[in-house]
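The values are calculated or read from the model by the stated rules, or taken from the named source; none is laboratory data. The structure displayed is predicted, hence computed values, not measured ones. Positions of Cβ are backbone-derived with ideal geometry, glycine not excepted, and every protein chain shown enters the neighbour counts.
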Amino acid sequence: MSGTESVGFKAQLRRWVQVGGPFLGLVLVCLFFAFARDEFGDPARESIFKPGNLKIVLVQTVVVGIGALGMTLVIVSGGIDLSAGSLVAFCSVLGARLIVAGSSPVVVVLLAVAAGVGIGLLNGGAIAGFRLLPFIVTLGSMSIVRGAAKWLGKNQAISIPNDSGISAVMKVHSPETLFPLPHGVWIMLVLAAVTAVVLRQSVFGRHVVAVGSNESTARLCGVRVRSVKVAVYALAGFFFGVAGVMQLSRLTQGDPTVAVGLELDIIAAVVIGGASLSGGSGSILGAIVGALLMALLRNGTSQLGWANYVQEIIIGSVIVLAVGLDKWRQGRAK
Amino acid sequence: MRLRLNGIRKSFGATQALKGVSLSARAGAGLAVIGENGAGKSTLMKVLSGAHAPDAGTMELDGERYAPSDPLEARRRGVAMIYQELNLAPHLTVEENIVLGVEPSRWGLLDRRRRREEARKVLADLHTSISPSAPVSALTIAQQQLVEIARALVHEPRVLILDEPTSSLTGVDVEHLYAVLDRLRARGVSILYISHFLEECQRVCSDYVVLRDGESVGAGDLTTIPMREIIRMMVGREVNELYPRTPHTIQGPLLELRRLAGRPKPRSMSCVVREGEIFGLFGLIGAGRTETLRALFGLDEVESGTAHVGGMDVTGWSPRKQLRGGMALLSEDRKREGLLLNRSIAENLLITRPEPISRGGFLRLRAEQHMALDWMERLDVRAQGALQPVGELSGGNQQKVAFGRLLYHQARLLLLDEPTRGIDVGSKASIYRRIGRAAEQGKTVVLVSSYIPELLGVCDTIAVCCRGEVVAVKPAAEWNEHALISAAIGQSAEGEATGADEREL
């Protein structure tokens, strides 16, 4: 009968890896840094794990982390959004121009996020309405939006005053202690909690998962596949808009050439977090942990004095490892 | 004895797939390997074909020890396997596929002439006119299957294993396959035949072995044993009635199709299904039965014609709207369309009607799980729990989940497309009981099936489709197997087709 039989060891292991995989990765990275020595032969753990540095790691997680929330929804629905990096740049430039023009922070946030949602709607509309491949559509919008950002910023970075309301969001106070955390970190955590509940527990979230798992089945079960897709890309645009504001706040300038390739970092965080690129599964918590893991790797290796290219090689390997785990995990269900 | 297995055991982790299988196959004879889904047939075939090594037990081939380390060695020893899914390289030609892995060569270069000769020889053995130079992708499924068999023949097989070989073939091709198997048997090849259709087994085999829960529970002469006895061995209990008749009352017309045409099929479907009726739709593959259901339910476009349910025009409604209106469809292809394979049983069962388990658009996870467990017990779904991915279940249990979704949805009109395809006898019986109970509760069932005994056993009324139209409608009791097939191929007498039933429009 149901519910009582013992679970096969391998199946159990697979499921455990699905939930715990990103955390295990984070623990391994921490362990590595706990024993690593820098170029002068000194243990690196003191500089890496001191509260002030951990705060910096968290701050460095925010843009990728918030972007990963939107990307998780997109990937779970069976799609992909390559325009994320361009959107972040566009929204940050838009925000910077509005601030320079004297708009209040609330208006800046609203308009920047609205721009993100608008572009997301266009992406989603093209994908759902004309049944185009998400990869191609967002590859196109990646270039279009990047161009628009450069046009909007007249091809240069627009600096904003250090004391503007937007700059305060990511400002680090008392650099020696972990708390207080910048507002941006809290915003990321609250958005993550809300998105996690929506994805796991709402009827809409279930429909997103269903569309990604099997579109035909979703249709058969009365899911409005097109509306769900449009909503997913619009939501992703919302998160990329918020991430753009965070980017603007952290750099205190809106730079149209920033965040090139950011979409790949975001996708990597989502995949490390346990999402399957073929759709139908993924976790918000995992994506945030994935973003944290990548920020820690970047920060730690530069504390060790390792060259940039070593970081890139390591992060690339972690991504391949994560995808390999995903494949193995799915082995049985196929 | 050609092949003898003794006490074969095989475990995967904690799961014991084979707990002790013994069998023997005679040269030049067919042995039917019979068992429910999950009984261990597939594992046994993989052990035989060298894909898995057994944990214990012995195998003998013509009196010699047989322990292949991989499928290629098994083939060299003369044990060949034809899988349910064909394993051909579609871009290569027929002859390239036939010699794949054992290409004749000289000095490391391909010997094209010998390749052609070898391919010609085995194709001729099969009495087929397939050209050796044709690309496999240009062949029909039946021809591709012959190429697979030809590939097996290159090695002078002593044992040929076929797993559900007719699942994608039509009637004529099935007969051709039987003829090929007859010739191979006459040449002394021993054939291990796996099929859910006992009638097929009887046609091809003279011996049988029954597997249940990884053990061989019976073996003997297939020509003398009654079918009931075999079914009893398969399920481990007496199956009194495979097709239980539940009394139910049939009322006035509920579903009316008037010259419904879809793209590209059906052409013009007209019929009336009464409330509380179990209405069968029979026809050959391609007659447009599946497409009728799909156009009705809104999965395919309606070109012309109308569909009314309870007097309301529902033509061209989306699946979402039809579900709201109490219509639900069970897809014929549960893997590609019917189920979200990587998602849990609970999600699959409950997706169409979240209201009882949600509040304000958010699901109550505990209520969801209880609801799912409750339904799993009612449907007799065997699983580790409500959160197990449905793709890990056996075919029969998957189908119970897919069907259960319609019942949980409380659909009044159930469109069932081949609901028992590819599932074991026990699960079939359970689906039939469910259909009967649905009718008892006043629900209406439209049953599309290619399996005649099932239609005759379950339905009140059977309509036959031919080339996208209904050609005859009669109470099930007035049909028999012969009449159904004649009508389906358009052979029925004029009067019989039109005059016999005033319900045909």
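Scan region B:361-372 and tell me whether some residue there is at positive phi and under 25 Å from the mean Cα position of the chain (by Cα).
No.
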*Residue within region B:106-120 that is exposed (fewer than 15 other Cβ atoms within 10 Å of the Cβ) and touching a strand residue (DSSP E or B) at 6+ places or on another chain (Cβ under 9 Å) present*: yes
*Give the residues of region B:30-58 that are among the hydrophobic types (A, V, I, L, M, F, W, C), touching a strand residue (DSSP E or B) at 6+ places or on another chain (Cβ under 6 Å) and in a loop (DSSP other than H, G, I, E, B), sorted by residue number.*
B:39
_Identity of the residue in region B:345-374, facing chain A (nearest Cβ under 7 Å) and part of a loop (DSSP other than H, G, I, E, B), that ends up surrounded by the fewest Cβ atoms within 10 Å (Cβ to Cβ)_ = B:361
*How many of the residues making up region B:208-218 are surrounded by fewer than 22 Cβ atoms within 10 Å (Cβ to Cβ) and either assigned to a strand (DSSP E or B) or free of Cβ contacts under 8 Å to residues at least 40 places away in the same chain (or both)?*
4
*Residues in region A:135-153: is at least one surrounded by 14 or more Cβ atoms within 10 Å (Cβ to Cβ), assigned to a loop (DSSP other than H, G, I, E, B), of a type in the set (A, V, I, L, M) and out of contact with any His (no Cβ under 8 Å at 6 or more places or on another chain)?*
no
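Results for (1) over 14 Å from the mean Cα position of the chain (by Cα); (2) away from chain B (no Cβ under 14 Å), shown as yes or no for each residue.
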{"residue": "A:227", "(1), (2)": "yes, no"}
{"residue": "A:230", "(1), (2)": "yes, yes"}
{"residue": "A:234", "(1), (2)": "yes, yes"}
{"residue": "A:238", "(1), (2)": "no, yes"}
{"residue": "A:246", "(1), (2)": "no, yes"}
{"residue": "A:253", "(1), (2)": "yes, yes"}
{"residue": "A:256", "(1), (2)": "yes, yes"}
{"residue": "A:270", "(1), (2)": "no, yes"}
{"residue": "A:274", "(1), (2)": "no, no"}
*Is it the case that some residue within region A:25-41 is in contact (Cβ under 8 Å) with a residue 24 or more places away in the chain, outside any helix (DSSP H, G or I) and closer than 25 Å to residue A:244 by Cβ?*
no
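Would you check which residues across region B:301-333 are in a strand (DSSP E or B) and more than 15 Å from residue B:255 (Cβ to Cβ) and list them? Let's see the steps before the verdict.
So in region B:301-333, the residues in a strand (DSSP E or B) come out as B:302-309, B:312-313, B:327-330.
Those that are in a strand (DSSP E or B) and more than 15 Å from residue B:255 (Cβ to Cβ): B:303, B:304, B:330.
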_Suppose we filter B:337, B:377 for residues that are without any contact (Cβ under 8 Å) to a residue 12 or more places away in the chain, more than 23 Å from the chain's Cα centre (by Cα), at the interface with another protein chain (Cβ under 7 Å from one of its Cβ atoms) and part of a helix (DSSP H, G or I); which single one remains?_
B:377
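Listed here are the residues, each with its yes/no results for (1) touching a helix residue (DSSP H, G or I) at 6+ places or on another chain (Cβ under 9 Å); (2) small (Gly, Ala, Ser); (3) closer than 24 Å to residue B:433 by Cα; (4) in contact (Cβ under 8 Å) with a residue 12 or more places away in the chain.
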{"site": "B:242", "(1), (2), (3), (4)": "yes, no, yes, yes"}
{"site": "B:245", "(1), (2), (3), (4)": "yes, no, yes, yes"}
{"site": "B:279", "(1), (2), (3), (4)": "no, no, yes, yes"}
{"site": "B:287", "(1), (2), (3), (4)": "yes, yes, no, yes"}
*Output the number of the condition that residue B:57 fails; it satisfies all remaining conditions of (1) free of Cβ contacts under 8 Å to residues at least 24 places away in the same chain; (2) surrounded by 14 or more Cβ atoms within 10 Å (Cβ to Cβ); (3) among the small types (Gly, Ala, Ser).*
(1)
*If you take the residues of region B:296-320 that are within 14 Å of residue B:269 (Cα to Cα) and either more than 14 Å from every other protein chain (Cβ to nearest Cβ) or β-branched (Val, Ile, Thr) (or both), which of them is surrounded by the fewest Cβ atoms within 10 Å (Cβ to Cβ)?*
B:304
*residue B:332 versus (1) more than 9 Å from chain A (Cβ to nearest Cβ); (2) out of contact with any strand residue (DSSP E or B) (no Cβ under 9 Å at 6 or more places or on another chain); (3) of a type outside the set (A, V, I, L, M, F, W, C): which is the lone unmet condition?*
(2)
*Hey, can you tell me all the residues within region A:45-71 that are surrounded by 21 or more Cβ atoms within 10 Å (Cβ to Cβ) and farther than 18 Å from residue A:248 by Cα?*
A:48, A:55, A:69, A:70, A:71
*Among the residues of region B:439-480, count how many are among the hydroxyl-bearing types (Ser, Thr, Tyr) and under 16 Å from residue B:245 (Cα atoms).*
2
*Using the structure shown, decide if residue B:151 is surrounded by fewer than 19 Cβ atoms within 10 Å (Cβ to Cβ) and in a helix (DSSP H, G or I).*
no
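Here's the yes/no breakdown for (1) farther than 19 Å from residue B:233 by Cα; (2) under 26 Å from the mean Cα position of the chain (by Cα); (3) not aliphatic (A, V, I, L, M):
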| residue | (1), (2), (3) |
| --- | --- |
| B:26 | yes, no, yes |
| B:29 | yes, yes, no |
| B:34 | no, yes, no |
| B:72 | yes, no, no |
| B:78 | yes, no, yes |
| B:83 | yes, yes, yes |
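Does any residue of region A:213-228 turn out to be part of a loop (DSSP other than H, G, I, E, B) and over 30 Å from residue B:334 (Cβ atoms)?
First, pick out the residues of region A:213-228 that are part of a loop (DSSP other than H, G, I, E, B): A:214, A:221-224.
The next check asks that each one be over 30 Å from residue B:334 (Cβ atoms); those that pass are none.
Among the residues of region A:213-228, not one is part of a loop (DSSP other than H, G, I, E, B) and over 30 Å from residue B:334 (Cβ atoms), which makes the answer no.
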*Just one of (1) part of a loop (DSSP other than H, G, I, E, B); (2) within 25 Å of residue B:29 (Cβ to Cβ); (3) among the hydrophobic types (A, V, I, L, M, F, W, C) trips up residue B:242, so point out which.*
(2)
*asked:* Filter region B:338-379 down to the residues that are among the small types (Gly, Ala, Ser) and in contact with a helix residue (DSSP H, G or I) (Cβ under 8 Å, 6 or more places away or on another chain) and list them by number.
replied: B:338, B:344, B:346, B:358, B:361, B:367, B:372
*Having 1 or more residues that are modelled with pLDDT under 90 is the bar; report the strands (runs of 3 or more DSSP E) wholly within region B:386-505 that clear it.*
B:461-466
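Please tell me if residue B:252 is modelled with pLDDT of 90 or more and in contact with a Phe, Trp or Tyr (Cβ under 7 Å, 6 or more places away or on another chain).
Details: modelled with pLDDT of 90 or more: yes; in contact with a Phe, Trp or Tyr (Cβ under 7 Å, 6 or more places away or on another chain): no.
Considered against the rule, which asks whether it is modelled with pLDDT of 90 or more and in contact with a Phe, Trp or Tyr (Cβ under 7 Å, 6 or more places away or on another chain), residue B:252 comes out as no.
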